[in-house]
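> Okay, handing you the structure first.
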Amino acid sequence: MLLHEHPWAARPRKNTHALSASSSRPRTVTFLRPGDVVSIQLADSCHAAFVHELHGANEFPVIEFYAGSFTQPPTMAQLAGRPTARAGARARFGVAVLTYLSDPLPSRWWHWSRSTPRPHGGDPQAGGGLWSLTDIIDLPGATAALFDDDRE
């Protein structure tokens, strides 16, 4: 029997390279969940945010800031019934690279509640965007216009 007549010679070869061409970098995963409340210290004031949803497969959270600035991380009692920082979903941010707390950056994050009621007054207006995309490095600049200096 000749080699080209062998039954194995007629079978197509598997492309083993295509099977192993997956990325060697692990994807980003966040440990926050919808309903969580987090607090961030930016400069000398603290702000609280509610986790609305996760974008992608646990890639990053979409958070919405509560109204107000605080001298220390606020308690759940201070946040009860508090509105959002801006109406019309303008206080919502998808924060890429916000994966775990506490973050090694100069800002400080605290995570202290799960499955809490969301802040009121932040529903998107018709035709408005649902949230703005930022990352943990640019978040202080993106949120600067949300807060005034009247701290509690």
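The values are calculated or read from the model by the stated rules, or taken from the named source; none is laboratory data. Remember, it's a predicted structure, so these values are computed and weren't measured experimentally. In this analysis, Cβ positions are derived from the backbone assuming ideal geometry, glycine residues included, and neighbour counts consider all displayed protein chains.
> Name the single residue that is surrounded by the most Cβ atoms within 10 Å (Cβ to Cβ) among those in the stretch 28-76 being among the β-branched types (Val, Ile, Thr) and assigned to a loop (DSSP other than H, G, I, E, B).
Among those residues, the one meeting the criterion is Thr30.
> Let me ask something else. Only one of these is under 20 Å from the mean Cα position of the chain (by Cα) and under 17 Å from Gly141 (Cα atoms): Phe31, Phe65. Name it.
Unique residue meeting the criteria: Phe65.
> Sticking with this one: Of the residues that make up the stretch 128-149, is at least one at pLDDT below 80, among the acidic types (Asp, Glu), closer than 15 Å to Ile40 by Cα and in a loop (DSSP other than H, G, I, E, B)?
no
> Another one. For the stretch 77-100, which residues satisfy the criterion of being farther than 16 Å from Asp138 by Cβ, part of a strand (DSSP E or B) and not polar (S, T, N, Q)?
Pro83
> Return the pairs, sorted by first residue and then second, in which the second residue is aliphatic (A, V, I, L, M) and part of a strand (DSSP E or B), the first residue lies in the stretch 31-47 and is free of Cβ contacts under 8 Å to residues at least 40 places away in the same chain, the beta carbons are less than 6 Å apart, and the residues are 6+ apart or on different chains.
Taking only residues 6 or more apart or on different chains, the pairs are Pro34/Val51.
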